[in-house]
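Every read-out reported here was derived from the displayed coordinates using simple, explicitly stated rules and does not represent laboratory data. The model shown is predicted, which means the values in this text are computed figures rather than measured ones. Cβ placement follows ideal geometry from the backbone for every residue including glycine, while neighbour counts extend to all protein chains displayed.
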Amino acid sequence: MFGRLVYESFRRQKRRKLLAGIAITLGVGVATAMLAVATDIGNKISRELRTYGANLIVTPQEDTLDVQIGGVDLKPPSDGAYLNEADLPKIKGMFWRNNIVGFAPMLPISVRVNSDAKNFTLLGTYFSKRLTLGKEDFVTGVRITHPWWKVQGAWPDDNSSDVLLGESLAAKLGRKAGDDIEIAAQTHHIAGILSTGGAEDNQIIAPLALTQQILGKPGAVRRVYVSALTKPEDAFARRDPQTLRGAEYDRWYCSPYAASIAFQLQEAIPHSHAEQIRQIAQNEGTVLSRIKGLMLLVTLAALFASALAVSAAMATAIFERRAEVGLMKALGAGSLSVAALFFAEALLLALIGGALGFTGGALLAHQIGRSIFDSQITIEPVLFPVILAIAVIVTFAGSAMAIRRAVKFDPVYALRGEA
Amino acid sequence: MFLRMLMRAATLRRGRAASALLAMVVAAAVATAMLNLYVDVQAKLRKEFRNYGANVVVIGKDGQALPADALPKVDSALAGHGLAVPFAYIVARTSDGQSVVVSGTNLDQVRKLDSWWSVTAWPNTSQDALLGTRAAAVVSPQGKPFDLSFQGHTIHLNPAGTLRTGASEDSLIYLSLTDFENWTGVQPSTIEIAFSGSSEEIAALIQMLSQTLPTTDVRPIRQIMEAEARVLGKTRATLAAAAILIIATAALCVLSTLIGWVFDRRRDFAIMKALGASEGLITGFFAAEAAALGAVGAIGGFGIGVGVAAWIGRVNFHAPVVPRFNILPAVFVGSIAVALISAVLPIFLLRRVQPAMILRGE
C-alpha cells in the first residue's frame, strides 16, 4: 500500500515532481562541479606556477664564487668545477621523477665575437633535447624550464651548431635572425633573436654540445636548473634530514617538498649541491595556499546556494499538497505515515536527482578544466556516495519544515480549500 | 487602491511573503559576495604576487652608473604604488687575492622587496656586512672580521649575518649604500622596482621612466610578469565560472520559491478576475509586487553580501575585501528581473484557466 502510494504520487504529479527534481539535479550538479574543481585546483595552479621557471638549482659541490655583474661573467673560464652531463638523465630516475617538469643544464663561457676586442658570454644549454633513461624517452630544456624566453625566428636544434643571439646584443652588433656570426674563429648561423628581459638579452645562447666543444671540455656543465612540482613548505619540511630517524625520515624523504627533492637531486648527481631557489620555491607555497583557500570558501558558498535551492524547491512542492494531506488525515492516516510518505518521495527524488546531478556536474567540471586549464579535471569516484548522501540530507532538511507544517495543518481547513 | 492591495498582500500571509523575501535576500547576498570577490581578488592576489619581488628594473646603458637624480625620479613616478631599491656593484679582492662581487644597497628596503631572503641577522651598524652563504665560506669561514680592497682602498668589515637565496645572491656581499659609496665612490647602476598594477599600468610606468631617464634601460622582468599574468588569469577565470554557477543556482532558488508563491495565490487571481479586473491590471499587480520584493531583497542582500565578501577576504587574505558599490546596480536590476520573470510566468499559465475552476478548487 505504502509503495503504491509513492508510486502513484510519482506517476500522477509529474509536473511538480519534475520541478523539484530539476532543482535537485541542478543543485547537485553545481555542488559536484565546484567540489571537483576545488579538490583539483591545487594541482592545476601548481602547474601554472611552474611558468615562474625553475625552483631548484644544482651546482658542483666544490664550486667557486660566481663573479658576475649584470649577467656578465668576470670569472676566468678555466676556474671552478663542473658537473658531468652524462649524470643528468639520472634526474628522471629519482623517487619523485614524475614531479620533475623539466631541467636545463647551463654552461656559460667567455668568447671572442667577430675579432672584437671585448669578450662576450656564450651560454650553452638544452633547448628541447630528447634524452633517454632506460626505456623511457623524455624531452627537456629551456623551452620547458624558462617559458618566458621568446624567440624571433626559430629555435636552434640541439644537435646543430646554430645559435640564438640576445636581443640587446643583436642590436649592438647589428645582426638579425638568419645572419651569420663568427664565434671563437668559427662561423655560426643565427637561428633566432632571443628576448628574455634578463641577463640573457646580452648573451649568445648555443647548444650545450657546441659550447663544450668551444671550451674544450666535453660533458662539462656549470649548473642545472630543475623545475619541479612541490608541496608548500611547512614546519616539518624545514627539519634537517640528518636529525630525522626511521619513519620520520621516510616521511620527509617521500614528501615532495622542495627541500627533499633537492636532497634527492644531490643523491642522484655525484659531487653536486642542490638547493631551492627561494624566490620561486618559497612564494609558490603562499600563492598556492591563498588560491586554494579562496576556492574552498567559494565552494562552500556554492554548496550553501545549492542546498538552499533544493530546500526551496522541496518546500514549495510540499506546500502545494496540503489538500492531499487533509484528505489522508480525514481518512484516518496518522501524522507519522503522512510524514513517511513525503520523506520516501523526497528520498527517491534525491537519489534520482543526485545521480543525474553528479553526472552533469562531472561533465561541467570536465568542461571547466578543458576550457580554463587545458587539462582534465578528474572526479574521484569516492565523491559519488558522498554527493548522494549530501543530496539526501539537504533534500530531507529542506522538506522537514514544510512537512511538519503540512502535517500539523487542520484537515477541515485544508479540505475546505482555505490556506 | 493599487497601493493598498500591495500592502495587504504583503502583510496578510506573512509567512509565505517572508520566505519569498528570504530567498530573494539570500540570492542577492550570494550574487553580491561573488561579484565583489571577483572584482577585488585581482588586487588581493597582486599583493601576494609582489612577494616575488621586483617586476621592473632600471639599468644604466652599457653598464654606466645611473644619473644622481634617478632614484627620486623613479620614486615620484611610483607615487607610493611600489618600492624602488638602488643597487651598486663592484668586484673587490679579498686579502688572499680572490675576486668577490660586493653590492651596496638600502638594506631596509631590500628586506621588504625580497621577502624570500633567508637571513640570519640583518646588519644595522656601519661597517657591518651581509654575506651570501657561498661568499661567507670564502671571505670569513669562521665569522671573523675581514678586509676587502677595491682600487687601492681597503675596508674593514664585520660579518653581521649570512644570506641564503639559492640564486646568484649567495655569492655576493651586501653593504649599506653609505659604507659602499664612502669606500668605492661608485654610484648605483641598477634600480629594482616592485610595482603593483596591471600589465597596462606597468607598461605605462616603463614608458614614462624611459622618457624621464633617457640614459637608462628600463626593462620589465618578464619571468615574473608573465607567470603572474598567467596564474592570475586562470584564477580569475575559475572564479568567474564559479560565480556564474553560484549566481545561476541562487536565481533558480528565487525562481522556484516565487513561482510557488504566485501559484499559491491563484484564488486571489481568480477573485480579482471574477470581480472584473482586466488581465493587464492583474499582471501589473503581481509584477509590481514582485518588483518591490526584488528591490527590497536586493538592498538587503547587498549589505549581507558585502559582509560575506569582507569575511572571506579577512579569512583568506588577512585584509577585508573593499565593498564595490558599482556592482549594486547589476545586483539590483538582476534581482528585479528574476523576480519579474518568476511572477509573470505563472500568470501566463493561469490566464487560460477559467476563474470559476480555480475558485471551485480544481
**Q.** Between 0 and 90°, nearest 10: helix A:383-408 axis offset from chain A longest Cα axis
**A.** 30 degrees
Q) What is the order of B:Ile341, A:Ile144, A:Ile24, fewest Cβ neighbours within 10 Å to most? A) B:Ile341, A:Ile144, A:Ile24
Q. For q = 0.10, 0.25, 0.27 Å⁻¹, what log10 I(q)/I(0) does the range A:120-200 give under the Debye formula with an equal point scatterer on each alpha carbon and no solvent?
A. -0.26, -1.31, -1.47
Q | Selected from B:Pro188, B:Thr154, B:Val110, residue furthest toward positive end of dipole (the range B:109-220; charges at beta carbon) | A | B:Thr154
**Q.** Under 19 Å from A:Lys135, Cα to Cα: lysines that are on another chain or at least 8 residues apart
**A.** A:Lys90, A:Lys92
**Q.** Rounded to the nearest 20 debye, dipole of the protein assembly as shown from Cβ charges on Lys, Arg, Asp, Glu
**A.** 4880 debye
Q: Take every residue in peptide B:235-243, count the Cβ atoms of other chains within 10 Å of its Cβ, and give the average of those counts.
A: 6
Q. Summing -39500 (n - 2.57) over the DSSP H runs of n ≥ 4 in the protein assembly as shown and dividing by its residue number, what mean residue ellipticity at 222 nm do you reach, to the nearest 500 deg cm²/dmol?
A. -18000 deg cm²/dmol
Q.
Just want to confirm a number: the relative contact order over chain A, from Cα pairs under 8 angstrom separated by 6+ residues, in percent.
A. 26 percent
Q) What FRET efficiency do you get for A:Asn98 and A:Ser128 if R0 is 22 Å and r is their Cβ-Cβ distance, rounded to the nearest 0.05? A) 0.65
Q) Relative to the Cα centre, what is the charge dipole magnitude of the range A:330-419, using +1 at the beta carbon of each Lys and Arg, -1 at the beta carbon of each Asp and Glu, and rounding to the nearest 20 debye? A) 240 debye
**Q.** Taking the convex hull of Cα positions in the range A:304-419, its mean projected area over all directions (nm²)
**A.** 8.2 nm²
Q.
Whole percent per 5 Å bin, from 0 to the bin with the longest distance: what is P(r) over all C-alpha pairs of the range A:55-276?
A. 1, 7, 14, 18, 18, 15, 11, 7, 4, 2, 1, 0, 0
**Q.** Amide H partners (placed H, <5 Å) of A:Tyr257, local residues excluded
**A.** A:Lys231
Q. Between the range B:16-38 and the range B:162-209, what is the C-alpha centre distance in whole Å?
A. 49 Å
Q. When Rg is the radius of gyration of the Cα atoms in the range B:35-141 and Rh is its Kirkwood radius, what does Rg/Rh come to?
A. 1.06
**Q.** Dipole axis of chain A (+1 Lys, Arg; -1 Asp, Glu on Cβ), positive-most option in A:Val310, A:Ser46, A:Leu300
**A.** A:Val310
Q: Enter the angle in degrees (range 0 to 90, nearest 10) between the Cα long axis of helix B:2-11 and the first principal axis of the Cα atoms of chain B, meaning the one along which they spread out most.
A: 70 degrees
Q) How well do other chains shield peptide A:313-320, expressed as the mean number of their Cβ atoms within 10 Å of each residue Cβ? A) 5
Q | Cα radius of gyration and Dmax for the protein assembly as shown (Å) | A | 34.7, 112
**Q.** Calculated FRET efficiency for the pair A:Ala235/B:Ser196, C-beta based, R₀ 30 Å, to 0.05
**A.** 0.50
Q. Tally Lys and Arg at +1 and Asp and Glu at -1 over the other residues with C-beta under 13 Å from the C-beta of A:Ala365: what net charge comes out?
A. 0
Q.
Just want the answer: with Cβ charges of +1 for Lys and Arg and -1 for Asp and Glu, which residue in B:Pro329, B:Ile224, B:Leu3 is farthest toward the dipole's positive end in chain B?
A. B:Leu3
Q.
Loop-only trypsin sites (Lys or Arg not before Pro) in the range B:327-362, please: DSSP not H, G, I, E or B, and at most 15 other Cβ atoms within 10 Å.
A. B:Arg351, B:Arg352
Q: May I ask you to work out the translational diffusion coefficient for chain A at 10 °C, viscosity 1.306 mPa s, via Stokes-Einstein with Rh from the Kirkwood sum over Cα pairs, reported in whole µm²/s?
A: 60 µm²/s
**Q.** Semi-axis lengths, Å, chain B, gyration tensor of Cα atoms, sqrt of 5 times eigenvalues
**A.** 71, 19, 14
Q: Would you mind working out the magnitude of the charge dipole of the range A:8-151 relative to its Cα centre, with +1 at each Lys and Arg C-beta and -1 at each Asp and Glu C-beta, to the nearest 20 Debye?
A: 1620 debye
Q.
Give me the extension gain from A:Asn119 to A:Gln242: residue separation times 0.36 nm, minus the current Cα-Cα distance, reported in nm with one decimal.
A. 39.8 nm
Q) Distance in nm between label sites at A:Ser255 and A:Lys176, each 7 Å beyond Cα in the beta-carbon direction? A) 5.5 nm
**Q.** Too-long pairs where the Cα-Cα distance tops 27 Å, listed order kept, from A:Lys176/B:Lys234; A:Lys44/B:Lys47; A:Lys231/B:Lys112; A:Lys14/A:Lys329; A:Lys17/A:Lys408
**A.** A:Lys176/B:Lys234
